[in-house]
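Beneath this line is the structure, given in structure tokens, with notes to follow.
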Amino acid sequence: MKQLQMTNRRRTIIECLILVVIAAVLRIWYVGKTDLGYDESFSLYMALQSLPDAIRMLCKGDNPPLWEVLLHFWIKPFGISEVAIRSLSLIFSTLTIIPIYLLGEKYIHRWAGIAASLFYCFSTFSIYLAHECRVYSLIGFLSAGSVFLFISIIKNPKTFKFILLTLVNLMLMYGHYLSVWIIVMEFLIALAIKPIRKKIWKPYLIHAASLILLFVPMFPVLFTRFFDSGIHGTWIAKTTSPEALYDFLWRMCNVPVTTVLAITILISVFIILTINIFKKKCQFGNNGILTLLWIVPLLVSFVLSYFTGFFLDRYFYFIFPIFYLSIASYCLYLFPKRTAFGLSLMGVFAIAMAISCSPDSFTNHFSGWHYNVKPIVHQLVEAKENEKALVILPEYFDKQFTYYLDENHEAFRTQSQPSNYYVFQDYLLKQGYYYDINYQKADFSACDKVVFPYHKDLPINGLREYLENHGFRLEKEQDEHPYSVNYFSK
């Protein structure tokens, strides 16, 4: 018996390591190819501040401080190159394989753990987020870990598991506000499902009370952000069509063909589940827990997004690992007496994900995807220095422009007390670059050329008309998707 256990444990370790290596290779491949994104430059700036200043500034906005705190310590030994700052996200993305595999292998089926891990390995969107220095890969890792611990507690409650779950869920809460969905759903399942409630309700209430107490400092911020977003909306457009739900599933499944296969599996499971409920053959188990954990947050948030805009793929990345586990589990559920058929369906889905995988995140047109910034910076510098053009920048371009203009990144490293959020604009103004917010202060009579880039969805309001009124005419408009670089001359 001991020999069998040792063999199984060795097999588990080997399989998990192989899957981790596959995930790592796919994520390392193109990690430094893309230019620094706007949100990445924001996180980098915050991470370079003192911790009290970073936390104070972040708590005024939409971002809890956990990611920037971790990044603060990460960049001290590794630096602030694109590869260095993205490596932290890449590591968390790769490590997510471990809870996915263990949850599937231990509580569903060995091959479900392998298949779900492969779905995640070949998820193009997961690879993309591994190439972004933002909190989302960490949230995916924590959500998978939280679900693994939660189901483990249901099966075998132990004090150390509750302590670990409290730590993981606390990090989820301080990582991203919307990931609180995982904690809310675990709480509802723990108290609403009678067999589970009878088994763990006392220690689980202690766990929930501990989370609330430890998150008290963020309650005013959380209330303010949710209230403000609900009343005034966000920068994200409201949902106007059910197509947004399909697009979200598309994100999880790489391409339309795989998405249709996933939808077919979901519909089939729903039909069989409905039949079993009427026949009173339905039992609530791990399948039901996994389903509730991803489908309720997704559908409720989708409905609410018709009233206020917040339904953005990366904001709900905490669902992805649970979804992949659920798909693997559904394949077996569809063929309870024909396990080989279920395993074959898992294999088909895994092959489809592998074939459709695109590890080069530069080619991915996702929300917040990375643009080709360096060529724009070089064009503007050349226009300023060689053609004596006056360069005007949009305010939202300041950090990315500074990162590639200042090769030593001195402006990013500069700290002042109190922290100056406009340090980049101050730096660029000293270098002779103007901004869309103060371009009227520029001396246009002293130059014959004006160059300005703008995001096609966020043009510089009034600048084109202002230039035309001062004798300038559009000479050239260069497309650098999603930016346009306009050249005006007298």
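No lab work stands behind these numbers, since they all come straight from the coordinates. These figures come from a predicted structure and were not determined experimentally. Note that we place each Cβ from the backbone using ideal geometry, even for glycine, and neighbour counts take in every protein chain shown.
Below is a table of values for the structure above.
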{"item": "Estimated inter-spin distance, Asn408 and His455, nm [label 7 Å along Cα→Cβ]", "result": "3.1 nm"}
{"item": "Cleavage-rule hits, trypsin sites (Lys or Arg not before Pro), the stretch 18-74, DSSP coil, Cβ neighbours within 10 Å at most 11", "result": "Lys60"}
{"item": "On Cα atoms only, tilt of 82-95 relative to the major axis of the chain in degrees", "result": "10 degrees"}
{"item": "Debye intensity ratio I(q)/I(0), log10, the stretch 103-167, q values 0.12, 0.17, 0.18, 0.26 Å⁻¹ (C-alpha model)", "result": "-0.39, -0.72, -0.78, -1.08"}
{"item": "Computed label-point distance, nm, for sites Lys60 and Lys202 using a 7 Å Cα→Cβ extension", "result": "4.8 nm"}
{"item": "Qualifying trypsin sites (Lys or Arg not before Pro) in the stretch 432-468, DSSP loop, other Cβ atoms within 10 Å at most 11", "result": "Lys456"}
{"item": "Dimensionless Rg/Rh of the stretch 1-90 - Kirkwood Rh, Rg from C-alpha atoms", "result": "1.20"}
{"item": "Dipole magnitude (debye, nearest 20) for the chain, charges at Cβ of Lys, Arg, Asp, Glu", "result": "3380 debye"}
{"item": "Label-point separation, Asn156 to Phe227 (7 Å along Cα→Cβ), nm", "result": "4.7 nm"}
{"item": "R0 of 35 Å, Cβ-Cβ distance Ser241-Ala446: FRET efficiency to nearest 0.05", "result": "0.10"}
{"item": "The stretch 2-363 - Kirkwood radius from inverse mean 1/r over Cα pairs (Å)", "result": "21.3 Å"}
{"item": "Residue (of Ala190, Asn254, Val381) at the positive-pole extreme of the chain, dipole from beta-carbon charges", "result": "Ala190"}
{"item": "Acute angle (nearest 10 degrees) that the helix 159-175 long axis makes with the longest principal axis of the chain, alpha-carbon atoms", "result": "30 degrees"}
{"item": "Residue range of the chain that is longest and free of chymotrypsin sites (Phe, Trp or Tyr not before Pro) which are both DSSP loop and sparsely packed (at most 16 other C-beta within 10 Å)", "result": "30-234"}
{"item": "Where a label projected 7 Å from the Cα of Phe270 along Cα→Cβ would reach, residues of the stretch 326-351 with amide N under 19 Å", "result": "326-335"}
{"item": "Violating pairs (Cα-Cα greater than 24 angstrom) within the set Lys388/Lys441; Lys199/Lys279; Lys158/Lys337; Lys76/Lys399; Lys33/Lys449", "result": "Lys199/Lys279; Lys158/Lys337; Lys33/Lys449"}
{"item": "Net charge, Tyr487 excluded, C-beta distance under 11 Å - Lys, Arg +1, Asp, Glu -1", "result": "0"}
{"item": "Extension reserve of the His481-Thr7 stretch, reckoned as 0.36 nm per residue once the Cα distance is removed", "result": "165.2 nm"}
